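Notes to accompany the following structure.
All of the numbers you see were taken from the coordinates with simple rules; none came from a lab. No experiment lies behind these values; they were computed from the predicted model shown. Neighbour counts are summed over all protein chains in view; Cβ atoms, including those assigned to glycine, are modelled from backbone coordinates with ideal geometry.
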Amino acid sequence: MDIETAAAAFLVISSAYLLLKKKKKRKPRKWWTVSLIRSRESYSGSNLLADLLKEPSGFFENFFRMSSDDFEILLNMVESYIVKKNTKWRKAIPANERLAITLQFLVTGDSFKSLCYLFKVSSQLISSIVPEVCKINKFLAKP
């Protein structure tokens, strides 16, 4: 077998291998977020906080196990550390919602999935928000 025949055979075999090994293309996603979270624009955790603050019957204290004044003090302490910027793709979760999600998790011990339904934020994002805010609170608690 001469060199040209060997090169041609190698080319045919390698082409066949590449065709067999070719990766399947991923199907395009039908949606990026579920409709429950997409409806966040109409009613979100910020709306929930505003509604709880409007109620004079102590719902806020019952929900967070602290007064609204204490919540505001805590928010003022941590806000500059937990605030995120909006991007051109999505709006950032406000600092008051980040704190509310963390407090609700710490107070009730609810799963991230149940907090997802309550605040209309994905459970993956909640799993990053809670440790982040707890880390800041731990940092601020040091003398």
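Sort largest first and round to whole Å: the equivalent ellipsoid semi-axes of segment 36-141, each the square root of five times a Cα gyration tensor eigenvalue.
On the way: eigenvalues 75, 62, 39 Å².
Semi-axis lengths for segment 36-141 are 19, 18, 14 Å.
Ordering Thr108, Thr87, Thr102 by the number of other Cβ atoms within 10 Å of each residue's own Cβ, fewest first, gives Thr87, Thr108, Thr102.
Ranked for footprinting exposure by Cβ neighbours inside 10 Å, fewest first, Leu125, Leu99, Leu53 give Leu53, Leu125, Leu99. Computed extension gain for Ile73 through Ser111, at 0.36 nm per residue and net of the alpha carbon distance, reaches 11.1 nm.
When each of Arg98, Arg65, Arg90 is scored by the number of other beta-carbon atoms lying within 10 Å, the sequence from fewest to most is Arg90, Arg65, Arg98. Measuring between alpha carbons in the structure, the pairs from Lys85/Lys113; Lys88/Lys135; Lys84/Lys138; Lys91/Lys113; Lys85/Lys120; Lys84/Lys135 lying more than 23 angstrom apart are Lys85/Lys113; Lys88/Lys135.
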